[in-house]
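Asker: Before anything else, here's the structure in question.
The values are calculated or read from the model by the stated rules, or taken from the named source; none is laboratory data. This is a predicted model, so every value here is computed, not measured. Counting neighbours? That spans all protein chains shown, and the Cβs are built from the backbone with ideal geometry, glycine included. Each accessible area value is taken on the protein alone, full model and side chains, heavy atoms only, with ligands, DNA and RNA left out. Shrake-Rupley method; radii C 1.70, N 1.55, O 1.52, S 1.80 Å.
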Amino acid sequence: MGSTVFESTLFRDMFGTAAMRAVFDDRALVARYVDVEVALARAEARAGVIPADAGEAIARAAATVTLDFDRLKRETDNVGYPILPVVAQLSALCGEAGRYVHWGATTQDIMDTTTVLQMRAALDLVAADIEALRGILAGLARKHRDTPMAGRTHLQQALPVTFGYKAAIWLAALDRHAERLAQLRPRVLVVQFAGAAGTLASIGGKGFDVQRELARELGLGEPASTWHVARDGFAEAVSALALITGTLGKIAFDVMIMMSTEYGEVFEPFVHGRGASSTMPQKRNPISSELILAAAKIVRQQAGLMLDALVTDFERATGPWHVEWAAIPEAFLAASSALHQAKFMLGGLIVDAARMRRNLDITSGLIVAEAVMMGLAPFMGRQAAHDAVYESCRLAADRGLSLLDALMQSPAITQHLDQAALATLCDPANYLGLAPQMVDRVVAGRA
């Protein structure tokens, strides 16, 4: 039974996914510590730093090792780090070769490289979810390319848009996030092996050879220099998660408001009992949107912690490094939750195009006052047109008239445009600008 939402039997699937937990759980973490120690032994054997047979002996022992986790916990609490306790148990199982386990390495080398391996697996999961979301949003954008709805600024109806245009804006942001993830990988997925103060002094002249072989063994990149206290790569990765979940939070916020009774334009997928109230039978709460917003806030906080952890002292941090142990797993778990909920919510999103049209018409044409103004401007100048349409808008509001009826009572307007021309200008579906064409451009950019 866990004590946080990430571990809780009740809440963990709301604040993470099983696949992401499997990347960061204790057994996977320790297994990767062992993997890195084995990879280091093999690299050093190939580089001639330790006997050739020692590398394989360590690998054979590691393949069958079963670590005592109770002992590992006790010793980690005492030492302050888990690597020395892992090395002690692994070395004991390797016979003569045990003396070469962890040769020339420092604890942070193993832990940092393990975190890189975790991040690689976690970023793969994130990238796959983003790709799935991009496909879902492209489908929504295409389907609703020409579905008119009210565009809103400052929570007020502004000008007509299409729902496909809204979905295309969401999609374009995720396209950029996919690009960011691809770009950051070479900077983040690099091996850490540099020794006590980062100078590789313990390996002598073959330090770069071992580093190169270790990187090859693990399928990682080689850093130009030690990054024990240069944590920008990890901070960049978590900051990217904050950007991704920020976009998902924006989508969730839009959906949540559009689900409200007064709007009723979209709905999360219907699942019997989902979003039900304990006291109000009519309620259908936006559960996925709420969880996405919560996850986005959590990730944003972890990104702040990672930026704080950039400020380190000299060649080994006294404290900031430990912040990463909490921030990185929690950021990836919360991000996985947001992505999972977004796939569910958008994948089954119910779009009420008829309600969108009714909402578009609730101002009786006032939403396209700009269209009328621009239609009049060639005849009387922009400012005069603005003032004339403004007066008609006030008349419509005061007397409960449609904009068209109010316009028809203005001689200054009707002397230039007849009723048919004004009716065309007052139809919101005729004032969508290039919104549909923007949908085409965004969707085409995925090809």
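Asker: Rg and Dmax of the range 59-132 over Cα atoms: what are they, in angstrom?
Answerer: Rg then Dmax for the range 59-132, in Å: 15.6, 50.
Asker: Follow-up. Modelled label-to-label distance, S202 and Q183, 7 Å Cα→beta-carbon offset: nm?
Answerer: 3.7
Asker: Another question, then. Stretched out fully, how many nm does the piece from T414 to L434 gain, at 0.36 nm a residue minus the Cα gap? Spell out each step's value before the answer.
Answerer: Details: separation 20, 0.36 × 20 = 7.20 nm, distance 2.81 nm.
This chain segment gains 4.4 nm when fully extended.
Asker: Take N78, project a point 7 Å from its Cα along the Cβ direction, then tell me which residues of the range 89-127 have their backbone nitrogen under 15 Å from it.
Answerer: 89
Asker: How many angstrom separate the Cα center of the range 366-421 from the Cα center of the range 77-122?
Answerer: 76
Asker: So, one more: Work from the charge dipole of the chain (Cβ charges, +1 for Lys and Arg, -1 for Asp and Glu, about the Cα centre) and give the residue of S239, V34, A369 farthest towards its positive end.
Answerer: Result: A369.
Asker: While we're looking at this one, here's another question. List the lysines whose alpha-carbon lies under 20 Å from that of K250, not counting same-chain residues fewer than 8 positions away?
Answerer: K166, K297, K343
Asker: If the chain between R394 and M374 were fully stretched, how many nm would it gain, using 0.36 nm times the residue separation less the Cα-Cα distance?
Answerer: Taking R394 through M374 to full extension adds about 5.4 nm, to one decimal.
Asker: Can you give the helix-only mean residue ellipticity at 222 nm for the chain, where every DSSP H stretch with n ≥ 4 adds -39500 (n - 2.57) and the sum goes over all residues, rounded to the nearest 500 deg cm²/dmol?
Answerer: -20500 deg cm²/dmol
Asker: Now a separate question. Within the accessible area of the chain, what % is carbon and sulfur when the probe is 1.4 Å and the other protein chains stay in place? Don't skip to the end; give the middle numbers.
Answerer: Working: 11680 of 20860 Å².
Carbon with sulfur: 56 percent of the solvent-accessible area.
Asker: Residue separation times 0.36 nm, minus the C-alpha to C-alpha distance between D209 and D313: what's the value? Before the final figure, lay out each step's value.
Answerer: On the way: separation 104, 0.36 × 104 = 37.44 nm, distance 2.83 nm.
Value of the extension gain: 34.6 nm.
Asker: Moving on to the next point. Can you tell me the dipole magnitude for the chain around its Cα centre, using point charges on the Cβ only (Lys, Arg +1; Asp, Glu -1), in Debye to the nearest 20?
Answerer: Charge dipole of the chain: 700 debye, to the nearest 20.
Asker: State the antiparallel share, in %, of DSSP beta bridges confined to the chain, rounding to the nearest 5.
Answerer: Taking every DSSP beta bridge with both residues in the chain, the antiparallel ones total about 90 percent.
Asker: Starting from the coordinates of the alpha-carbon atoms of the chain, obtain the Kirkwood hydrodynamic radius over all distinct pairs and give the value in Å to one decimal.
Answerer: That comes to 25.8 Å for the chain.
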